[in-house]
Structures are given as structure tokens and as C-alpha cells.
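Below is one structure, written out as C-alpha cells; comments come after it.
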């Protein structure tokens, strides 16, 4: 049993794999104030409500883009799970070449996504990850992680709008009934939803023109279902892609001498 964890700025995604099967999965809100004992209480409580047993977890693998929280989760793994975690970074990636000019600067989650897409969907590929930021990653037909684009996430953009406008109400971001908003709430929803659909389609089309024919487009992250409902450019929706990539990278390193 393998516990994989992706520590992001907004969410922490956690999954338990039994072999290749993702048997349990959760998303926790990233809380910069929580101490290791508090995180452990949440994790153990979640595992307790599954068919898994904490004692059956053989290894913990961590991908993190939030250094202040990495050490806290290491402590959770060591104290409560009895495991010293394996950390994902650019040097642990074996199945694709990281051709980014500064490979150490690429988020481990983005590399995990690239590895998972290479394994399951084929290349070339464009990966769109809807998280705190909306990231676009390109993997060439030759198996090279080339880089990508980073845009503000939908949540960041909407919070900035509400904070900077005195008369616009804070609104739930859902797909509105029409693009033309007939009231303020629908107008805000239209601007954010269709604005992000347009952003995704614009960048994805540029990536496809540079990557060449046959480019697969895979969407992932907590917000993927919402945006995917508004565009036909996303070929596959894989909300837990990053966890699968973390598992694959760990397996690659187990096999390496």
C-alpha cells in the first residue's frame, strides 16, 4: 500500500494505492496554521473511514510546492505512519527528459502530470491543471518536458475582482445559463467562466500548433470538471492525474539501480 501526497497552495491531495489501483482519495484545504498533529488527526480520521489500515501503508511519497508545509507532513509520515517519505523532484523523473532551462524550478506536480500523461495517454501532450494557478504544460512527441504557461487560477481572479470592486457581490462561480448575463450575478459568472474557457482554448490552441499533429489535451486539478463542461478542446478529464504521476515516479525509482 502506497500513500501519495501532493501539497499545493490551495489543496493537499492524498491518495492510497493498492498496487496500480487508487483505492482512496481525498482533497484537504491547505492550512498554513495547522501543526503536524492536527494534519495527522485529519489524515488518520479519513483512513479510518475506508477499508484500509494505517499499518498496511508501506511507503509515503510526497510532492510539494509549499516548502513551509513539507516538513510538517514529513513529521506526520514518520510519527504516525512509521514511514520515511520519498520526495519527488526533477532528479527523480526517469521516463521523460526535463528540457526546461531551469529544471529545479519546475513544480514537482507538473512533472508528475507529465509522467502520468506519457504513461497513459501518449505524446505529444498538453496538460492543463486547474489549481491555485492554471498551468499549461507541454510534452513533446520525443518525451521531453518543454515547459509551459502559468496563469492566475479562477479562484485568485474572482477573489481579486470581489476585493477591488465595491458594488460587485461575491458570487459562486458556476456555469451561467447564457453568456449574456441578465443580472449582476450571471454577468460575473459569465465573465469568469467564459473568460477562463477562452483563456484555456487560446493557450491550448497555441500549444497544439507548436507541438504538432496528434497532440493530446488532458485536464486535471480540482476545477477541471467546471471548465471542461464549456470546451471541446480537453480530450481527457483526469482529476487525480498528479497522484498517478507521483506513484509512477516512485515506481521508476524503485526499479532504478
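For residue 246, are the conditions met, namely being outside any loop (DSSP other than H, G, I, E, B), modelled with pLDDT of 95 or more and touching a helix residue (DSSP H, G or I) at 6+ places or on another chain (Cβ under 6 Å)? Judged against the criteria, residue 246 is a match.
Hey, any hits in region 29-40 for a residue that's more than 19 Å from residue 8 (Cα to Cα) and in contact (Cβ under 8 Å) with a residue 24 or more places away in the chain? The answer is no, given that none of the residues of region 29-40 is more than 19 Å from residue 8 (Cα to Cα) and in contact (Cβ under 8 Å) with a residue 24 or more places away in the chain. Considering region 5-56, and only residues there that are surrounded by 16 or more Cβ atoms within 10 Å (Cβ to Cβ) and over 21 Å from residue 241 (Cα atoms), the residue that is farthest from the chain's Cα centre (by Cα) turns out to be 52. Inclusion of residue 106 among residues that are modelled with pLDDT of 95 or more and crowded, with 23+ Cβ neighbours inside 10 Å is not warranted. The residue of region 49-73 that is farthest from residue 13 (Cα to Cα), among those that are assigned to a helix (DSSP H, G or I) and in contact with a helix residue (DSSP H, G or I) (Cβ under 8 Å, 6 or more places away or on another chain), is 54.
The values are calculated or read from the model by the stated rules, or taken from the named source; none is laboratory data. This structure is a prediction, so every number in the text was calculated from the model and none was measured. For neighbour counting, all protein chains shown are included, and Cβ atoms are generated from backbone atoms with ideal geometry for every residue, glycine included.
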